[in-house]
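A short write-up of the structure that comes next.
The values are calculated or read from the model by the stated rules, or taken from the named source; none is laboratory data. Treat the numbers as computed from the prediction; the structure is a model and nothing was measured. For neighbour counting, all protein chains shown are included, and Cβ atoms are generated from backbone atoms with ideal geometry for every residue, glycine included.
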Amino acid sequence: MQLSVNGKIHEVDVEPEMPLLWVLRDELGITGVKYGCGIAQCGACTVHVDGAAVRSCQLPVGELVGEVTTIEGLGTPGALHAVQAAWIEHQVAQCGYCQSGQIMAAAAFLALNPEPTDADIDAVMSANLCRCGTYPRIREAIKAAAQTIRSA
Amino acid sequence: MGRLKTFTRRTFLIGSVAVAGGVAFGAYKVATPHENPLSAGLGEGEAAITPYVRIDAQGVTLITPRADLGQGAWSVQAALIAEELDVELDQIRVDPGPPSPAYWNTALAAESAAFMVPSGGTGEAIAAGALSAVMKTIGMQITGGSTTVPDGFVKLREAGAVARETLKLAAAQKSGVPVRDLKTQAGKVLLPDGTELTYVELAPIAAGIAPPREVALRDPSEWRLIGKPMRRVDIVAKSTGTQAYGIDQRIDGMVHAAVVLNPAQRGAMMSFDASEALQMRGVRDVVEISGGVAVIADNTWRAMEAGRKVKVDWGPAAFPAPMEEHWQALSDAFTEAKRDSRQRDDGDVEISFAENAGLIKGEYRAPYLAHAPLEPINAVVRVDDGAAEVWTGTQIPRFVQNNVGRIAGIDPEKVTVHVLAMGGSFGHRLEDEVVKQATEIAARMKGTPIKLTYSREQDMTHDFPRQIAMARMRGAVRNGQVETYELDIAMPSVVLSQMSRQGLAVPGPDSQIVAGAWDQPFAIPNHRVTGYRARELAPVSSWRSVGASSNGFFYNAGLDELIHAAGADPLAERIRLCSNDEARKVLEAVGEMSGWGTELGEGRGRGVALTQSFGVHCAQVVEVTATDAGIRIDKVHVAAEVGTVVDPVNFDNLVKGGVIFALGHAMNCEITYTDGIADQDNFHAFEGMRLYQCPVIEVRGLENGTRVLGIGEPPVPPAAPALAAAIFAATGQRLREMPFSKHVDFV
């Protein structure tokens with residue numbers, strides 16, 4: 001079957017029930033997307049499908065419809081997305097393992113709502129777990145990114 | 001293995017070792033007699049040099065042997081070297097280096113030695129430091145005990161200074177300009193005429209120069225990096241999905257493995273039937289390993305899915321089946337026969353109790369807790385003829401090296417260990433079961449790299465959790481003051497459980513049974529703290545702040561009940577009782593930060609706690625509101641005394657993270673066992689704190705002390721008791737058992 005990831009078409013020969021997460025990681029070698037829980041509790045596997053945040057551990061690749069964007073497709077060290085730039089500026093990461101998912105969740109959220117209230121941020125970002133406890137910096141970085149996006 | 005020998009002399013050796021096309025510099029204190037392959041030709045009592053700085057045609061690489069679990073260890077180690085070497089953090093690469101006894105953790109040995117006096121001021125070591133001897137013997141290169149900064153603060157700067165001075169000697173040789181006229185900056189030696197000689201071009205000359213035997217470290221007023229906000233070396237990679245963790249490792253020809261282990265932890269496997277699994281797509285083999293089976297497939301998901309189809313007949317767990325028996329074992333441990341230590345016995349509690357009619361009593365509990373770093377444990381191992389290679393995130397590379405060698409039947413020196421970035425640990429990666437299992441598989445498939453990844457369920461249910469613990473308090477008050485405080489603590493020995501898995505016996509009492517309780521900075525007239533060693537129950541392991549993670553709660557909770565009985569103020573009475581200036585200052589700091597004593601209003605409350613752990617005095621004030629739907633944590637004020645805040649940004653992040661970690665577990669986390677099987681297997685049942693619950697956290701690092709201390713663990717112990725005290729202040733409900741969600745709701 002074919003899937004489009006970060007603007008590139010890939011041909012994979014896998015069973016349709018394999019979650020998109022494992023197709024990306026093990027079949028395509030796109031490892032910015034992370035395995036954390038496998039049951040949609042942690043959000044480390046968050047990617048975009050046609051711009052919407054999706055838990056790739058819960059999406060059988062056979063049911064995928066649309067263009068997949070992973071953290072690698074959102075921005076690169078040389079061409080950062082506004083959310084990534086804010087994450088760097090606010091030095092959010094500790095272990096960093098959840099941060100791909102946090103950034104993807106935040107980017108999809110801010111694309112829909114570039115003027116989030118604190119309550120909006122709390123509601124949306126609480127679906128992503130951070131075991132290191134970087135939540136205060138996630139809040140700050142989202143506000144900074146929102147400002148960048150609004151002024152762009 | 002090194003011979004164990006006491007060195008009374010603490011000499012200092014410095015030097016350089018040529019590496020291919022470049023030069024490597026190092027320095028370390030010769031307090032240990034490790035035999036080092038480089039030591040041939042050195043005189044008696046001397047040791048060879050282990051590199052911390054490597055310069056070759058590719059540039060400058062700083063060796064950072066303490067592992068990065070997320071706490072920023074690579075960055076802080078690099079910064080300490082760079083401070084003296086005069087390189088910028090964006091100019092260098094970091095390399096965790098190979099396992100080597102020369103990288104053994106001096107500070108951890110001191111911290112772990114039984115009952116060393118922790119606060120540096122008065123007193124002497126009380127017991128012999130048996131663990132320290134063990135650690136020296138095996139050259140324990142461990143990341144833990146919040147020791148990366150204390151261990152490296154001098155020796156890494158010295159390594160940088162030695163390298164800098166040697167490069168200046170090389171520049172002098174090349175240019176003819178005297179060393180005293182040379183300056184260094186940003187990876188270059190600067191000549192008076194403006195000529196710049198890069199470290200890279202000087203390296204081949206420096207390789208032939210004997211480095212200076214003594215270097216002076218710069219005065220703190222000259223520091224460029226230390227104490228100023230730094231950009232972590234991994235921050236861009238971790239914000240762009242380009243940081244490779246252990247789980248991301250890909251080796252040519254690699255196959256994927258999943259394990260199916262007895263859900264009754266450490267129980268036997270009677271038989272298994274893999275016929276269905278072997279029919280599944282991509283499955284190469286299903287093999288028996290210690291404690292279960294491994295499925296080898298061409299993809300992680302296929303291996304995990306096939307694992308579900310293996311039918312296994314399991315034996316029972318090797319420890320009590322129902323939770324009630326675990327608690328009973330602790331309750332039964334408060335006996336003379338089980339007494340492990342009594343290092344605090346001030347005044348006379350017995351006389352006080354005999355004279356006091358109104359004894360105050362309390363019993364407290366702390367549950368088993370999983371480590372649950374977000375990256376499940378994993379390892380890649382390849383076993384070849386007479387050699388092996390390992391890629392994994394580990395805090396114990398030397399143990400890994402030895403265990404892989406033993407299992408594969410090869411010389412440990414022929415085992416190459418690559419320590420990779422870790423997606424958290426909290427102590428989880430102080431164990432190496434996953435590496436041992438991957439090695440068992442790899443030994444049967446020589447030449448094929450085996451990548452073993454635990455599912456979240458395997459990771460959580462086969463974790464060796466934080467110790468279960470129980471404490472009993474008795475006390476008395478008089479004239480509005482706390483007069484007598486006795487605390488008895490029972491738990492299984494974490495150190496015994498952990499070290500037994502490495503084949504090591506640990507003699508003597510276990511200081512962790514009373515850590516965070518016996519050594520607190522309070523002068524209470526009659527004060528006794530006794531540790532009782534419960535029998536081994538479920539296997540347990542070091543969990544962020546270890547013994548203090550439970551005892552910080554017990555100690556403060558008991559003290560709070562006494563202060564309340566005395567009718568005193570929780571903060572004022574702690575300050576009155578305080579026997580240590582550093583501790584008093586952190587208490588005063590959180591008092592000021594929180595506006596302690598000002599009116600909060602109906603349904604709101606503040607609680608305070610202080611724990612000294614790992615030498616750090618950390619005080620916290622938590623503010624809560626009791627809403628109709630439950631308790632909301634509004635604010636946390638934290639002050640910690642660390643001597644020098646090396647990087648204020650990372651300090652702030654680590655303190656906040658430690659508070660959130662501790663509050664989350666205190667709110668809603670526990671591991672319980674039914675029929676010896678862990679009841680919680682994923683984050684739906686072991687949630688911790690979510691972002692919407694996160695309070696505003698205000699952090700202040702104090703720098704009054706003379707010792708430089710680490711901050712990874714000390715914010716954890718005081719958070720839970722400060723929360724419990726705040727809930728009491730807001731509601732009148734006294735919480736004596738974690739998780740608190742057993743008794744109150746949180747919003």
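Annotations for the structure displayed:
- Only one of the numbered conditions (1) touching a helix residue (DSSP H, G or I) at 6+ places or on another chain (Cβ under 8 Å); (2) closer than 30 Å to B:Gly267 by Cα; (3) not basic (Lys, Arg) is violated by B:Ser500, and that is (1).
- Qualifying residue in segment B:403-416 (condition: in contact with a helix residue (DSSP H, G or I) (Cβ under 8 Å, 6 or more places away or on another chain), in a loop (DSSP other than H, G, I, E, B) and buried (at least 24 other Cβ atoms within 10 Å of the Cβ)): no
- Counted as qualifying within segment B:287-374 are the helices (runs of 4 or more DSSP H) with 2 or more residues that are surrounded by fewer than 20 Cβ atoms within 10 Å (Cβ to Cβ), namely B:323-331, B:349-355.
- Hits in segment B:223-259 - residues which are in contact (Cβ under 8 Å) with a residue 60 or more places away in the chain and either among the β-branched types (Val, Ile, Thr) or on the phi > 0 side of the Ramachandran plot (or both): B:Ile226, B:Gly227, B:Val233, B:Ile247, B:Ile251, B:Gly253, B:Val255, B:Val259
- Candidates B:Arg574, B:Arg632, B:Arg604, filtered to the one that is among the basic types (Lys, Arg), closer than 29 Å to B:Leu369 by Cβ and within 29 Å of the chain's Cα centre (by Cα): B:Arg574
- Test result for B:Gly676, within 24 Å of the chain's Cα centre (by Cα) and on the phi > 0 side of the Ramachandran plot: no
- Some residue of segment B:194-202 being touching a Phe, Trp or Tyr at 6+ places or on another chain (Cβ under 8 Å) and crowded, with 20+ Cβ neighbours inside 10 Å: no
- Residues of segment B:558-612 that turn out to be among the basic types (Lys, Arg) and in a helix (DSSP H, G or I), as a count: 4
- Any hit, segment B:377-399, residues being assigned to a helix (DSSP H, G or I), surrounded by 23 or more Cβ atoms within 10 Å (Cβ to Cβ) and either among the hydroxyl-bearing types (Ser, Thr, Tyr) or not assigned by TED's automatic domain parsing to the domain that holds B:Ser542 (or both): yes
- Counting only strands (runs of 3 or more DSSP E) that sit wholly inside segment B:186-261, those with at least 2 residues that are within 14 Å of another protein chain (Cβ to nearest Cβ) are B:255-261.
- Subset of segment A:79-102 (residues that are closer than 12 Å to B:Thr242 by Cα and outside any helix (DSSP H, G or I)): A:Gly96, A:Tyr97
- Among residues of segment B:551-588, those that are touching a helix residue (DSSP H, G or I) at 6+ places or on another chain (Cβ under 6 Å) and over 23 Å from B:Glu713 (Cβ atoms), counted: 5
- Residue that is nearest to the chain's Cα centre (by Cα), among those in segment B:68-78 that are part of a helix (DSSP H, G or I) and within 14 Å of chain A (Cβ to nearest Cβ): B:Ala73
- When segment A:38-51 is filtered for residues that are farther than 16 Å from A:Leu24 by Cα, among the hydrophobic types (A, V, I, L, M, F, W, C) and either away from every other protein chain (no Cβ under 11 Å) or touching a residue at least 24 places away in the same chain (Cβ under 8 Å) (or both), only A:Cys42 remains.
- Among (1) modelled with pLDDT of 95 or more; (2) within 28 Å of B:Trp518 (Cβ to Cβ) - the single one B:Gln343 does not satisfy: (1)
- Residue count for segment A:52-91, restricted to those that are surrounded by 18 or more Cβ atoms within 10 Å (Cβ to Cβ), of a type in the set (A, V, I, L, M) and away from chain B (no Cβ under 12 Å): 5.
- Scanning segment B:528-542 turns up no residue that is surrounded by 24 or more Cβ atoms within 10 Å (Cβ to Cβ), among the polar types (S, T, N, Q) and under 17 Å from B:Pro721 (Cα atoms).
- One residue from A:Ala105, A:Ala127 being within 11 Å of chain B (Cβ to nearest Cβ), out of contact with any Cys (no Cβ under 6 Å at 6 or more places or on another chain) and in a helix (DSSP H, G or I): A:Ala105
- Residue check, A:Gly96 small (Gly, Ala, Ser), crowded, with 23+ Cβ neighbours inside 10 Å and touching a Leu at 6+ places or on another chain (Cβ under 9 Å): no
- Of the criteria (1) touching a residue at least 40 places away in the same chain (Cβ under 8 Å); (2) of a type in the set (S, T, N, Q); (3) within 14 Å of chain A (Cβ to nearest Cβ); (4) farther than 20 Å from B:Pro373 by Cα, which one B:Gln279 fails: (1)
Residue-by-condition table, conditions (1) in contact with a strand residue (DSSP E or B) (Cβ under 8 Å, 6 or more places away or on another chain); (2) of a type in the set (Phe, Trp, Tyr); (3) within 13 Å of chain A (Cβ to nearest Cβ); (4) over 30 Å from B:Glu324 (Cβ atoms):
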residue: B:Lys635; (1), (2), (3), (4): yes, no, yes, yes
residue: B:Val646; (1), (2), (3), (4): no, no, no, yes
residue: B:Val649; (1), (2), (3), (4): no, no, yes, yes
residue: B:His684; (1), (2), (3), (4): no, no, yes, no
residue: B:Met689; (1), (2), (3), (4): no, no, yes, no
residue: B:Val696; (1), (2), (3), (4): yes, no, yes, yes
residue: B:Arg700; (1), (2), (3), (4): yes, no, no, yes
residue: B:Ala730; (1), (2), (3), (4): yes, no, no, yes
